[in-house]
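Participant: For reference, the structure I am asking about is given below.
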Amino acid sequence: MELRERVAGLMGQARSDLAELVSIPSVADPRQYPPEECARAAQWVLDAFAAVGFTDAHLAETADGSQAVVGSRPCGDPEAVTVLLYAHYDVQPPLDETAWRTPPFELTEVDGRWYGRGAADCKGNIVMHLTALRALGDDVPVNLKLVVEGSEEQGTGGLEDFVPKHADLLRADAVLVCDTGNAAVGRPAATVSLRGMVNVVVTVEALASEVHSGMFGGAAPDALAALVAMLAGLRDAEGNTTVSGLDNSQEWSGATYPEAQFRSDAGVVDGASLLGDGSVSDMLWARPSMTILGIDCPPVVGSAAAIVPRARARLNLRIPPGTDPAVAEKALTDHLVAAAPWGVHVAVETEATGSPFSAQTDGPAYRAIASAMEEAFGSPMVSLGQGGSIPLCNVFAETYPGAELILMGVEEPLALIHAPNESVHPREIEDMALAEALFLQRLTR
């Protein structure tokens, strides 16, 4: 049977696999979900890959307490190319479950897409690997290695610490980092540029405790008002991120992201302007970008007529290639402290940082994946930037300087990863599994 037909015939199993995985709420934050759920997901992944030839698959403890699934599948030729397959089984929390059109941890088909938290990011990529390997059977002429991590979404660095300490365990000639995706459904792409990130929590303190807004308001400093003023100063009137000391004028030189498509993909409401004075591609992939992830302050319902004494916000700064995260961290911290009004007390705590990444795209693995994607999809592979951060890519590049890193996967803009109503188009799983299978068949030294 032709490889394409074998992949197509496996899509029923792919859906069953994804339904089982999505049903496990593997959020790697014990404050939100029991750690047993991540352990359950790790065991599921281990068993599934053991069944497709990774007979030595095992769980490896990492420094942040998460478990990575690690294994290998030799082809019998030690001189053959070695390919490392990567994905992650942990997921983002579902956020506001009332905003979901379907239950977040129940794979549900709506209008031809499969909805559920992790359906695309990144459990869909795990299923893509499994489908490709099942389609190939014993016909895999490369040595395979595997690592599926369990804390990527938390950014706590478990696998980043693990890789250099176990370099030989995962050493490969090519690494398929399957945690990105295509330009659109049916438009294959490899991601060649990633922004880095700096996550901080800024805390503002103005008073010893709440005080009556009628008796003291007007003279007493308001911590929440101070925080709002500080946050407002992180963008200019056009929406450009304006952190003192960071360049916000760079331009993207690769494939463009059409504005109309971006507006549709992002769900921009009628009449709203896009941010910044650059193109969509510039703003997403070449310039720093600040996002306010959350604010701790009294909720509207239940709030009192009192001045807020303390408030804090969690901030996510994305930085483009060429920007050192340590420089960005200091710039953001200094900017926030300098922007604080009225002498309020400010503390900035760094949660995590990650370096930007640029892929080398002139090797045999890139030529092989471009050929495989074009055959699988019927259209040429394009190169994209990615506004998200995958710090592990830099660790892979530093630990294995001769390896080619290919960032790909089943995600695409309509997948709405990290948001309510995350979904995957099953055709993306099918076509990407075929592309991966063709790549593994054809890659030679």
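Participant: Along the three principal axes, how long is the range 68-158 when you take its alpha carbons, biggest first, rounded to the nearest angstrom?
Facilitator: That gives 53, 34, 13 Å along the principal axes, largest extent first.
Participant: Moving to a separate point now. Let me know the shape class of the range 111-160, please: from the alpha-carbon gyration tensor, a ≥ b ≥ c as square roots of the eigenvalues, rounded when a/c is under 1.5, otherwise prolate if a/b is greater than b/c, or oblate.
Facilitator: The shape class here is oblate.
Participant: Next question, about the same structure. By accessible area of protein heavy atoms, probe 1.4 Å, what ranking do S281, S249 get, highest first?
Facilitator: Details: S281 5, S249 70 Å².
The residues order as S249, S281, largest area first.
Participant: Also, I was wondering about something else. Could you report the accessible area of R187 in Å², rounded to 10, computed with a 1.4 Å probe on the protein chains as they sit in the structure?
Facilitator: 110 Å²
Participant: Given a cut-off of under 8 Å on Cα pairs at least six residues apart, what relative contact order in percent is computed for the chain? Provide the component values of the computation, followed by the final result.
Facilitator: On the way: 959 pairs, mean separation 112.2, N = 445.
For the chain, the relative contact order is 25 percent.
Participant: While we're on this one: What does the charge add up to near A266, with Lys and Arg as +1, Asp and Glu as -1, over the other residues with Cβ less than 14 Å from its Cβ?
Facilitator: Working: positive: R263; negative: E259, D265, D270, E412.
Result for the local shell: -3.
Participant: Follow-up question, since we're still on this one. Solvent-accessible area per residue for the range 300-445 at a 1.4 Å probe radius, Å²? Display every interim value, and only then the final one.
Facilitator: Values: 6070 Å² over 146 residues.
Accessible area per residue, the range 300-445: 42 Å².
Participant: Quick one: accessible surface of R134, probe radius 1.4 Å, all protein chains present, in square angstrom to the nearest 10.
Facilitator: About 60 Å², ignoring ligands and nucleic acids.
Participant: Rounded to the nearest 10 Å², what accessible area does H418 show when all protein chains are kept and the probe is 1.4 Å?
Facilitator: 70 Å²
Participant: Under the rule a/c < 1.5 gives rounded, and otherwise a/b versus b/c splits prolate from oblate, where does the chain land using the Cα gyration tensor?
Facilitator: Numbers: a/c = 1.90, a/b = 1.78, b/c = 1.07.
Here the chain falls in the prolate category.
Participant: Right, something else. Under 10 Å, Cα contacts only: if you run a Gaussian network model on the chain, which one of A63, A370, A19 comes out with the highest mean-square fluctuation?
Facilitator: Greatest mean-square fluctuation among the candidates belongs to A63.
Participant: Remind me, relative contact order of the range 312-379 in percent, using alpha carbon pairs under 8 angstrom and six or more residues apart?
Facilitator: Details: 24 pairs, mean separation 24.9, N = 68.
Relative contact order of the range 312-379: 37 percent.
Participant: Another one. Let's see if you can work this out: charge +1 on each Lys and Arg Cβ, -1 on each Asp and Glu Cβ, no other charges. What is the dipole magnitude of the range 356-440 about its Cα centre, in debye to the nearest 20?
Facilitator: Its charge dipole is roughly 140 debye.
Participant: Now for a different question. What is the magnitude of the charge dipole of the chain about its Cα centre, with +1 placed on the Cβ of each Lys and Arg, -1 on the Cβ of each Asp and Glu, and no other charges, expressed in debye to the nearest 20?
Facilitator: On the way: 28 positive and 60 negative charges, 37 e Å.
The calculation lands at about 180 debye.
Participant: Roughly speaking, to the nearest percent, how much of the chain's 1.4 Å accessible area is carbon and sulfur?
Facilitator: Working: 9680 of 18570 Å².
Answer for the chain is 52 percent, counting heavy atoms of protein chains only.
Participant: Would you list which lysines come within 27 Å of K145, measuring only between C-alpha atoms, while excluding same-chain residues fewer than 8 positions from it?
Facilitator: K123, K165
Participant: Hey, got the dipole for the range 81-179? About the Cα centre, +1 on K and R Cβ, -1 on D and E Cβ, debye to the nearest 20?
Facilitator: Values: 8 positive and 17 negative charges, 42 e Å.
Using Cβ point charges on Lys, Arg, Asp and Glu, the range 81-179 gives about 200 debye.
Participant: Could you go through the range 195-208 in sequence order and give the Karplus-derived ³J(HN,Hα) for each residue, using 6.51 cos²θ - 1.76 cosθ + 1.60 with θ = phi - 60°, rounded to whole Hz, and x for Gly and Pro?
Facilitator: Coupling constants for the range 195-208: 7, x, 8, 10, 9, 9, 10, 9, 10, 10, 10, 10, 9, 6 Hz.
Participant: While we're here: Ignoring ligands, DNA and RNA, how do S244, S253 rank by accessible area with a 1.4 Å probe, largest first?
Facilitator: Values: S244 75, S253 120 Å².
Reading off the accessible areas and sorting them downward yields S253, S244.
Participant: Using the Kirkwood formula over every pair of different C-alpha atoms, what hydrodynamic radius in Å results for the range 88-213?
Facilitator: On the way: mean 1/r = 0.0537 Å⁻¹.
Value: 18.6 Å, from the Cα pair sum.
Participant: Determine the per residue accessible area of the range 61-195 with all protein chains present and a 1.4 angstrom probe, expressed in square angstrom.
Facilitator: On the way: 4210 Å² over 135 residues.
That works out to 31 Å² for each residue.
Participant: Considering amide H positions built from the backbone, and no H for Pro or chain starts, which residues 5 or more places from V27, or on another chain, come under 5 Å of its amide H?
Facilitator: V91
Participant: Of P141, P258, H212, which is farthest towards the positive pole of the chain's charge dipole, taken about the Cα centre with +1 and -1 on the beta-carbons of Lys, Arg and Asp, Glu respectively?
Facilitator: Of P141, P258, H212, it is H212.
Participant: For the range 202-329, what class follows from the C-alpha gyration tensor (a ≥ b ≥ c being the square roots of its eigenvalues): rounded when a/c is under 1.5, otherwise prolate if a/b is larger than b/c, else oblate? Numbers along the way, then the final one.
Facilitator: On the way: a/c = 3.15, a/b = 1.98, b/c = 1.59.
Cα axes put the range 202-329 in the prolate bin.
Participant: Relative contact order for the range 297-445 using alpha-carbon pairs under 8 Å, separation at least 6, rounded to a whole percent? Intermediate values should be presented prior to the final figure.
Facilitator: Values: 101 pairs, mean separation 33.6, N = 149.
After rounding, I find 23 percent.
Participant: Using heavy-atom solvent-accessible surface (probe 1.4 Å) with all chains present, what is the largest-first order of H212, H129? Provide the component values of the computation, followed by the final result.
Facilitator: Working: H212 95, H129 0 Å².
The ranking, largest first, comes out as H212, H129.
The values are calculated or read from the model by the stated rules, or taken from the named source; none is laboratory data. Being a predicted model, the structure only gives us computed values, none of them experimental. Note: ideal-geometry Cβ built from the backbone for every residue, glycine included; neighbour counts use all protein chains shown. Note: areas computed on protein heavy atoms with side chains; ligands, DNA, RNA excluded. Shrake-Rupley method; radii C 1.70, N 1.55, O 1.52, S 1.80 Å.
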